[in-house]
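K.L.:
The structure that follows is given in the form of structure tokens.
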Amino acid sequence: MKAPSTKVRFENATKLLDYGFNTYSYKELGKKDDVINTISINKGAKTQVEAVLEGNAGILIKKGSDRNIEQVLNLEEIVEAPISKGQKLGEISYTLDGEILATINIIAKEDVDKIGLFSIIKKVYYSWIDLLRT
């Protein structure tokens with residue numbers, strides 16, 4: 001920084017840090033494992049699976065600009081079984097004035113097996129029992 005003295009160099013560094021802390025702030029957009037949505041499953045042992053964020057999402061942004069951040073969700077509505085934990089189901093993008101700030105994958109929270117013959121028979125049997133009770 002070729003300042004004439006250590007004192008001047010320290011003052012310039014202090015001004016630069018003060019400017020940064022006064023002008024910018026960290027905005028958390030989402031945390032890992034935050035549930036974004038519930039996805040329907042076709043031919044699965046379960047009918048739904050939770051879609052969660054794969055990682056943390058956050059940015060350093062000019063103070064006051066965070067009110068204009070928009071999120072764009074690109075997510076499958078129905079997924080075919082089997083589904084494995086961590087399988088990508090879509091993604092979420094955060095934009096400001098048309099510029100993409102961050103993009104995070106949305107993944108399955110748990111495994112969902114494909115429905116088998118035994119599971120179908122069990123489901124029909126329990127549905128039949130429920131009908132008889134009413």
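The values are calculated or read from the model by the stated rules, or taken from the named source; none is laboratory data. Computed from a predicted structure; not experimentally measured. Counting neighbours? That spans all protein chains shown, and the Cβs are built from the backbone with ideal geometry, glycine included.
K.L.:
When segment 1-42 is examined, which residues are found to be surrounded by 10 or more Cβ atoms within 10 Å (Cβ to Cβ) and in a loop (DSSP other than H, G, I, E, B)?
P.N.:
ALA3, LYS31, LYS32, ASP33, ASP34
K.L.:
Continuing with this model, one more query. For residues in segment 1-46 being under 30 Å from GLY116 (Cβ atoms) and among the aliphatic types (A, V, I, L, M), which is modelled with the lowest pLDDT?
P.N.:
Filtering segment 1-46 for residues that are under 30 Å from GLY116 (Cβ atoms) and among the aliphatic types (A, V, I, L, M), the one modelled with the lowest pLDDT comes out as ALA45.
K.L.:
Would you confirm whether or not segment 103-114 contains a residue that is without any contact (Cβ under 8 Å) to a residue 24 or more places away in the chain and touching a strand residue (DSSP E or B) at 6+ places or on another chain (Cβ under 9 Å)?
P.N.:
Scanning segment 103-114, I find at least one residue that is without any contact (Cβ under 8 Å) to a residue 24 or more places away in the chain and touching a strand residue (DSSP E or B) at 6+ places or on another chain (Cβ under 9 Å), so the answer is yes.
To keep it simple, each residue is scored yes or no on (1) touching an Asp or Glu at 6+ places or on another chain (Cβ under 7 Å); (2) among the hydrophobic types (A, V, I, L, M, F, W, C).
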| position | (1), (2) |
| --- | --- |
| GLN71 | no, no |
| ASN74 | yes, no |
| GLY90 | yes, no |
| LYS114 | no, no |
| VAL124 | no, yes |
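K.L.:
Check ILE78, ILE92 and return the single one that is surrounded by 12 or more Cβ atoms within 10 Å (Cβ to Cβ), among the β-branched types (Val, Ile, Thr) and touching a strand residue (DSSP E or B) at 6+ places or on another chain (Cβ under 7 Å).
P.N.:
When all the criteria are applied, what remains is ILE92.
K.L.:
Another question, then. Exactly one condition in (1) within 30 Å of PHE21 (Cβ to Cβ); (2) assigned to a loop (DSSP other than H, G, I, E, B) is not met by ILE100; state its number.
P.N.:
(2)
K.L.:
In this structure, is ILE39 of a type in the set (Val, Ile, Thr) and closer than 19 Å to ASP97 by Cβ?
P.N.:
no
K.L.:
Can you tell me how many residues in segment 64-86 are in a strand (DSSP E or B) and touching a Phe, Trp or Tyr at 6+ places or on another chain (Cβ under 9 Å)?
P.N.:
3
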